[in-house]
Amino acid sequence: MNPPENSASIEKRSREIRRAALDMISASGASHIGSVFSTAEILATLYDDILNVRPAEPDWPDRDRFVMSKGHAAAGLYATLSLSGFFPQQRLKEFYVDGGSLPGHVTHHGIPGIEVSTGSLGHGLALAVGLAAGARKSGAKWHVYVLLSDGE
């Protein structure tokens, strides 16, 4: 099997995500680095090749929705969103520090590009199903993607 044509760009983006997340985790003294690192290729592929989103318009009504059910891997998602242009990379310094705006678990409060808050495992799938059911019922054409943990 041949690798996809864009595999080099996915590998490059994955390294950028891991590097940004490592810097965040190191500076804040946070943990869950394994969970964060395990999401890098998935997030790079979703945000670079699959999701129909507009970083300059994070609330665009026709955007695809992404739910990070494994909320403890927040640093990976925050790094991805920043690298994708949803907010300035300088903001990554606010991860998991007193008075910071990027908590240790995914929150949608004040963070562009995040649809729902997650934390405890098991909630993300139900939230994603609800979003998808609502989209179907309203006739919306956007898609819903969810990233689950092995603990779900």
request  = Compute the distance in nm between two label points, each set 7 Å from the Cα along the Cα-to-Cβ direction, one at LYS12 and one at LEU125.
outcome  = 3.7 nm
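In a shell of Cβ-Cβ distance under 13 Å around GLY119, excluding GLY119 itself, what net charge do Lys and Arg (+1) and Asp and Glu (-1) give? Walk me through the numbers on the way to the answer.
On the way: positive: LYS70; negative: GLU152.
Cβ neighbours under 13 Å give a net charge of 0.
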ask   = Based on the inverse mean of 1/r over its pairs of different Cα atoms, what is the Kirkwood hydrodynamic radius of the chain, in Å?
value = 15.7 Å
ask   = Which of ALA44, ALA126, ALA74 moves the most in a Gaussian network model of the chain with Cα springs under 10 Å?
value = ALA126
inquiry  = Which residue fluctuates most in the GNM of the chain (Cα springs below 10 Å): VAL106, VAL129, VAL36?
reply    = VAL129
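Can you pull out the GluC sites (Glu not before Pro) in region 2-54 that DSSP calls coil and that have at most 15 other Cβ atoms within 10 Å?
GLU5
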task = Please give every one of the aspartates and glutamates within straight-line cross-link reach of LYS12, meaning a C-alpha to C-alpha distance under 13 Å, and leave out same-chain neighbours fewer than 8 residues apart.
result = GLU41, ASP48
note = If one builds a Gaussian network model of the chain from Cα atoms under 10 Å apart, the most fluctuating residue listed among GLY76, GLY134, GLY113 is GLY134
ask   = From the residues HIS108, PHE66, ILE50, which one has its Cα farthest along the dipole of region 40-123 in the positive direction, the dipole being from +1 and -1 charges on Cβ of Lys/Arg and Asp/Glu about the Cα centre?
value = HIS108
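Taking the Cα centre of the chain as origin and charging only Cβ (+1 Lys, Arg; -1 Asp, Glu), how large is the dipole, in debye to the nearest 20?
Working: 14 positive and 16 negative charges, 28 e Å.
With Lys and Arg at +1 and Asp and Glu at -1, about 140 debye.
Throughout, read-outs are computed from the coordinates displayed, never taken from laboratory work. What you are looking at is a predicted structure, and each value in this text was computed from that prediction instead of being measured. As a convention, Cβ positions derive from the backbone with ideal geometry for all residues, glycine included, and neighbour counts pool all protein chains shown.
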